[in-house]
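Enquirer: Input: one structure, supplied below.
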Amino acid sequence: MRHVQALVALAVTVGYFCYVFHIPGETFWQSGVGDWGDPYFINFLLEHWYASATRVTDPTSPPMYFPVKGTLGYSHGLILYAPLYIAVRSVLDPLQAHNVTLFLVLVVGSLSLYLLLRHYVGLAFAEALLLTVFFCSSRNVINQATSIWSQTASVFLIPPILLLACGAARMREGMARRGLAGLAGLLVTLLFTQEFYTAHFALFFVSAAIAAWLTVEKRHPISTWIADRWNQERRVGVRLAAVVALVAGAWTLVLLISGGGVIRLAGIEISSRGWRRPALVALIALGVLFYRRGRPRLEITFGTARPWILPFGLGAALGCGVFLWVYLPSLFEHTGYSRDQVMLVPREPALNFVRALNVYDTLRPFHFALVIGSLACLPWVRLERTVRVYCGAFVLLSLIVLVMPVRFGTFSVWTTFFFPFPGFAAIRDPKRVIHVYELFLVLLAALLMTRFPRTSRFRLLVSIVVVVLLASDWNREAFVFRRDSADFRRWVERAIDIDPACKSFFIKAASERYTSRWDYFRTLYSVDAMFVSLKHSIPTLNGYSGWDPPEWRLFQPHQADYHLAVAQWMERHHLAGTCEFDIERRTMRPDRAALLPLNAR
């Protein structure tokens, strides 16, 4: 019976996403999802993973911004999309493979959410299906912007990861359990390499949940726990390691928030600006503390769970290593965005406060959160006091999410309370918190429903509220497909006459016939050059990403100083064998006039 129910849930999700992707129809198979802007760049990143896997090349250095290395770290890595893309790319062209990859991510993520709610949380079939549809059909999660910035669909990767973790926790002890736990831990931290926004916002909600638990739970207050452990520990070395870890961690946090500066102690000036050294000291001290104190306590603390906790931690550590491998070089160049670059929604003070906060595509999740919070406070709903406090805390958190991307005059909740903390400065668009928020809202509602019998009025009321919200605010949006496969074949895949002396290249300005397909010339020229670079294994000086290398100014060939920027870049990096690519004539040749050294111009 459960298999039939799972097939029904699969059919519902597949049917809905067939509508979103215009399947059946010619559009899905003859065009690429999105447009020739950022979606084209995302398609290039996936194609780079395919080329790297089939040719066994360095995945951290897509062939752009030549000769700069580690250029994958300038944007999201999409490492968890890559296995699906590589599998379908072997039989489809790049644009079709991108479409199918995104379709599979959405379907697998939705089905995993249903299985999680049904088999691990313990909801009934109708309840699990309703909450799954409530999440995956939200206009905040699925809209035209999702087809343009398909990295936002990374939130659909969280349910499969949770499903793996829950499966590992429930399996019998053995190698299969350890392997599944290690894979779950690896995927958890690889989510940061996949798409930093989704991972960091997920970490924010998990941290908020842990903080609420530590605050509300009276049996094990954190301050008492720390004091007891301190009094029980007699070894000076362990106490010293704990103090060093605490001081170095606080020092790191202060430097990240304030940017550092100069202080005077006893007439001596102490300058401290870099956060990496105190962070390293804190990590070393924590390692010593864990080795001397944590390891003997592991068996007592986790009991039978210890066999899968260790492989989970090892997998998570490996994922952190991959993240640092990809992003550490770029983090040394770009610490984050400035406050002026953050994409906030300006709102002037208005009499209608709710209308002023209407910055998301739909307020449906906030209505649901308000109803859940209100139902939990009704006198006939028998809930423990702590659960009511948790519900109230989540309603407060929902209000914070609601105002997070808004700027009231010169005041912003985001730049005032979030931007100074580690990691948040790398987030340019705070509105993307909504994707992860909706998923955590559904999980919280499911956990709350399981505190009541299946026949209870509370669960029935929640299901009715979900049905009413779905019916009153049904999502009719579908994805856009503006990248014609014929144009891609014409400008990228057609044969090119390449001079054997070409070791790298830059693209030349083209006519209006070429630029007519997209207004933003930079992505058009740059990503076309990057696809050509992948196809012919010749790196390009052009590039497009979230960040650019220092002193790189080859934005697009129509700029007045484009050739000067090319010459300066070549001279700075001592490049030889660089050719000019004429995308209309399909030639790649050395251009003597454009490539003269600066002292001869």
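The values are calculated or read from the model by the stated rules, or taken from the named source; none is laboratory data. What you are looking at is a predicted structure, and each value in this text was computed from that prediction instead of being measured. Note that we place each Cβ from the backbone using ideal geometry, even for glycine, and neighbour counts take in every protein chain shown.
Enquirer: Would you pick out the residues in the stretch 513-542 that are touching a residue at least 60 places away in the same chain (Cβ under 8 Å), surrounded by fewer than 19 Cβ atoms within 10 Å (Cβ to Cβ) and over 26 Å from the mean Cα position of the chain (by Cα)?
Expert: Arg513, Tyr514, Arg517, Ser537
Enquirer: Any idea which residue in the stretch 306-345 is modelled with the lowest pLDDT, counting only those that are exposed (fewer than 15 other Cβ atoms within 10 Å of the Cβ) and among the small types (Gly, Ala, Ser)?
Expert: Filtering the stretch 306-345 for residues that are exposed (fewer than 15 other Cβ atoms within 10 Å of the Cβ) and among the small types (Gly, Ala, Ser), the one modelled with the lowest pLDDT comes out as Ser338.
Enquirer: Condition test on Pro59, is it surrounded by fewer than 20 Cβ atoms within 10 Å (Cβ to Cβ) and within 27 Å of Phe506 (Cβ to Cβ)?
Expert: On the way: surrounded by fewer than 20 Cβ atoms within 10 Å (Cβ to Cβ): yes; within 27 Å of Phe506 (Cβ to Cβ): yes.
So Pro59 passes the test.
Enquirer: Could you tell me how many of the residues in the stretch 239-288 are assigned to a strand (DSSP E or B) and either touching a strand residue (DSSP E or B) at 6+ places or on another chain (Cβ under 8 Å) or modelled with pLDDT of 65 or more (or both)? Lay out the reasoning, then the answer.
Expert: Step one: filter the stretch 239-288 for residues assigned to a strand (DSSP E or B), giving 261-265, 268-272.
If we keep only those that are either touching a strand residue (DSSP E or B) at 6+ places or on another chain (Cβ under 8 Å) or modelled with pLDDT of 65 or more (or both) as well, we get 261-264, 269-272.
Count: 8.
Enquirer: Out of Glu195, Glu173, I need the residue that is buried (at least 22 other Cβ atoms within 10 Å of the Cβ) and either in contact with a helix residue (DSSP H, G or I) (Cβ under 7 Å, 6 or more places away or on another chain) or more than 20 Å from Val401 (Cα to Cα) (or both). Which one?
Expert: Glu195
Enquirer: Still on this structure, I have one more. What is the residue count in the stretch 563-589 for residues that are outside any loop (DSSP other than H, G, I, E, B), closer than 15 Å to Tyr525 by Cα and either out of contact with any Phe, Trp or Tyr (no Cβ under 8 Å at 6 or more places or on another chain) or not assigned by TED's automatic domain parsing to the domain that holds Ile538 (or both)?
Expert: 2
Enquirer: So, one more: Tell me which of these Tyr390 doesn't satisfy, since it passes every other one: (1) farther than 22 Å from Pro453 by Cα; (2) more than 24 Å from the chain's Cα centre (by Cα); (3) hydroxyl-bearing (Ser, Thr, Tyr); (4) surrounded by 17 or more Cβ atoms within 10 Å (Cβ to Cβ).
Expert: (1)
Enquirer: Which residue pairs have Cβ atoms under 9 Å apart, sit 6 or more places apart or on different chains, and have a first residue in the stretch 369-395 that is polar (S, T, N, Q) and assigned to a helix (DSSP H, G or I) and a second that is at pLDDT 85 or above and crowded, with 16+ Cβ neighbours inside 10 Å?
Expert: Cβ pairs passing all conditions: Ser374/Val395.
Enquirer: Could I ask something else about it? Of all residues in the stretch 475-512, which are over 25 Å from Gly25 (Cα atoms), surrounded by fewer than 18 Cβ atoms within 10 Å (Cβ to Cβ) and of a type in the set (S, T, N, Q)?
Expert: Ser511 - this is the single residue of the stretch 475-512 that is over 25 Å from Gly25 (Cα atoms), surrounded by fewer than 18 Cβ atoms within 10 Å (Cβ to Cβ) and of a type in the set (S, T, N, Q).
Enquirer: Report the residue count in the stretch 71-90 for those that are at pLDDT 95 or above, farther than 17 Å from Ile158 by Cβ and surrounded by fewer than 21 Cβ atoms within 10 Å (Cβ to Cβ).
Expert: 3
Enquirer: Right, next: Taking the conditions exactly as written (part of a helix (DSSP H, G or I) and crowded, with 19+ Cβ neighbours inside 10 Å), does Leu186 satisfy them or not?
Expert: When the stated conditions are applied, Leu186 passes them.
Enquirer: Within the stretch 11-34, track down each residue that is at pLDDT 95 or above and part of a helix (DSSP H, G or I).
Expert: Ala11, Val12, Thr13, Val14, Gly15, Tyr16, Phe17, Cys18, Tyr19, Val20
Enquirer: Looking at (1) over 26 Å from Asn99 (Cβ atoms); (2) part of a loop (DSSP other than H, G, I, E, B), can you tell me which one Val206 breaks?
Expert: (2)
Enquirer: Among Arg451, Arg522, Arg490, which is among the charged types (D, E, K, R) and either in contact with a helix residue (DSSP H, G or I) (Cβ under 9 Å, 6 or more places away or on another chain) or under 30 Å from His367 (Cβ atoms) (or both)?
Expert: Arg451 is the lone residue from the list that is among the charged types (D, E, K, R) and either in contact with a helix residue (DSSP H, G or I) (Cβ under 9 Å, 6 or more places away or on another chain) or under 30 Å from His367 (Cβ atoms) (or both).
Enquirer: Let me ask something else. What about Gly179, is it of a type outside the set (A, V, I, L, M), over 27 Å from Cys136 (Cα atoms) and either part of a helix (DSSP H, G or I) or out of contact with any His (no Cβ under 9 Å at 6 or more places or on another chain) (or both)?
Expert: yes
Enquirer: I'd like the full set of residues that are outside any loop (DSSP other than H, G, I, E, B) and of a type in the set (Gly, Ala, Ser), limited to the stretch 82-101.
Expert: Ala82, Ala87, Ala97 - these are the residues of the stretch 82-101 that are outside any loop (DSSP other than H, G, I, E, B) and of a type in the set (Gly, Ala, Ser).
Enquirer: In the stretch 51-66, how many are in a helix (DSSP H, G or I), out of contact with any Pro (no Cβ under 8 Å at 6 or more places or on another chain) and either hydroxyl-bearing (Ser, Thr, Tyr) or within 14 Å of Asp528 (Cα to Cα) (or both)?
Expert: Residues flagged as in a helix (DSSP H, G or I), out of contact with any Pro (no Cβ under 8 Å at 6 or more places or on another chain) and either hydroxyl-bearing (Ser, Thr, Tyr) or within 14 Å of Asp528 (Cα to Cα) (or both) within the stretch 51-66 amount to 1.
Enquirer: Hey, can you tell me all the residues within the stretch 128-152 that are farther than 14 Å from Val436 by Cβ, in a loop (DSSP other than H, G, I, E, B) and not basic (Lys, Arg)?
Expert: Residues satisfying the conditions are Ser137, Ile142, Asn143, Trp149.
Enquirer: Then there's this: Scanning for something of a type in the set (Asp, Glu) and within 29 Å of Arg2 (Cβ to Cβ), does the stretch 156-175 turn up at least one residue?
Expert: yes
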